[in-house]
Amino acid sequence: MVKATDSYRGRFAPSPTGPLHAGSLVAACASYLEARSRGGEWLVRMEDLDPPREMPGATDDILRTLEAFGFEWDGEVLYQSRRHDHYAEALRELERQDVVYGCGCSRREIADSSVHGIEGPVYPGTCRGGLPAGRGVRAWRVRTTDEAMVFEDGWQGRIERNLARDYGDFVVKRTDGFWAYQLAVVVDDADQGITHVVRGADLLESTPRQIHLQRLLGFPAPRYAHCTVVTNAQGEKLSKQTGAVALDARQAVPQLLDALGHLGQTLPGELRDADLDSLWGWAIANWAPGVKSAHTALEAE
């Protein structure tokens, strides 16, 4: 059931594929400060829908790290792994509207017969009119339209995409039987009454697809804002795969200062010696969102 709310409600939704790192901290800070500076709620959701990629113990480690860094969330943590029935109901609704279909194509077949879009091969619609003879359903795809999808991002400005051309019909239930990220996130944001989604710019291209699903399912669309991601020396997004180092709770204040600097906040030198409560108090009171600069250093004392 969709929960309507007139107040600000944001969320942070990590995946338990490893410990939080500097990139995770930037995204968490951005969403937390947007919510708290507006007197809103901040929820934590664990996106644990991909067991093969999950690291044992990562869920508890993430929550302990958030607590150690002074984050305080509202309500109970929501776990996607406990919500399969909700996603199944959303898929049934899409089936009732005849806007999803079974796809029997392999990744190799799609790669060999598709053009390259914004995030990889654009599905060529092979199974749109029905499965080829002798094929079974490998995944479920939602139909897209050849028209402009426009939204205003809080930090990146006006974004315009053509779903059919840029992404093609996209997967809502995967070949391995797991629910796709796009569908699960849309259902969860609606059920939790999320009004604002603040996350890294690496997820910007997910937004048009999520808005498409929201419209099909009759869900309200949150407002979106995507902050600059943290990269390594090679310019790659910081992640477990690119050598990201886990956050160290013993260095909470310095690492938070780095995250705030990355978010473009002008930091007074005396914050170097602040405790967590004082740092968060200053950050919430002085939050200036939407700065696109990659990093702002500490001011000299």
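The values are calculated or read from the model by the stated rules, or taken from the named source; none is laboratory data. Bear in mind that the values here come from a model prediction, so they are computed numbers and not experimental data. Heads up, the Cβs are rebuilt from the backbone with ideal geometry, glycines too, and the neighbour counts pull from every protein chain shown. These accessible areas exclude ligands, DNA and RNA; they are computed on the full protein's heavy atoms, side chains included. Shrake-Rupley method; radii C 1.70, N 1.55, O 1.52, S 1.80 Å.
Values computed for the structure shown
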quantity	calculated
Within the stretch 148-178: backbone nitrogen closer than 17 Å to the V115 label point (7 Å, Cα to C-beta)	148-149, 161-170
Dipole axis of the chain (+1 Lys, Arg; -1 Asp, Glu on Cβ), positive-most option in G120, G281, Q255	G120
Segment F178-V77, length gained on full extension (0.36 nm per residue, minus Cα span)	34.3 nm
Among beta bridges that DSSP assigns inside the chain, antiparallel share in %, nearest 5	65 percent
Virtual spin-label span in nm between D85 and D273, 7 Å along Cα→Cβ	5.7 nm
Segment R92-F151, length gained on full extension (0.36 nm per residue, minus Cα span)	18.5 nm
Residue with peak Gaussian network fluctuation, the chain [Cα springs, cutoff 10 Å], from G130, G104, G40	G130
Accessible area (Å², per residue) of the chain, counting only protein heavy atoms and a probe of 1.4 Å	48 Å²
Inter-centroid distance (Cα atoms) of the stretch 85-141 relative to the stretch 189-225, Å	21 Å
